[in-house]
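Contents: one structure, followed by commentary.
The values are calculated or read from the model by the stated rules, or taken from the named source; none is laboratory data. Because the structure is a prediction, the values reported are computed rather than measured. Note that we place each Cβ from the backbone using ideal geometry, even for glycine, and neighbour counts take in every protein chain shown.
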Ligand SMILES: [Zn+2]
């Protein structure tokens, strides 16, 4: 498998912990300068309710 970009294609949904492909994510939410990918509307609303719960620096 060839990789064109250095940016990771697979990332972790911070809410449910599932590995998701950037191209298939439900939505990307920008929080404190970082994009977080969420897999579904349920995870999206969880993240929006309490982003600080899911984001660790
Ligand atoms: Zn999820």
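Filtering the range 1-19 to residues that are modelled with pLDDT under 95 and surrounded by 15 or more Cβ atoms within 10 Å (Cβ to Cβ) leaves only 11. For beta carbons closer than 7 Å, sequence separation of 6+ or different chains, a first residue in the range 38-54 that is under 18 Å from residue 10 (Cβ atoms) and in a helix (DSSP H, G or I) and a second that is more than 10 Å from the ligand (Cβ to nearest atom) and at pLDDT 95 or above, there are no qualifying pairs. Within the range 8-27, residues that are assigned to a helix (DSSP H, G or I) sit with their Cβ atoms under 9 Å from residues that are within 8 Å of the ligand (Cβ to nearest atom), at 6+ positions apart or across chains, in these pairs: 24/39.
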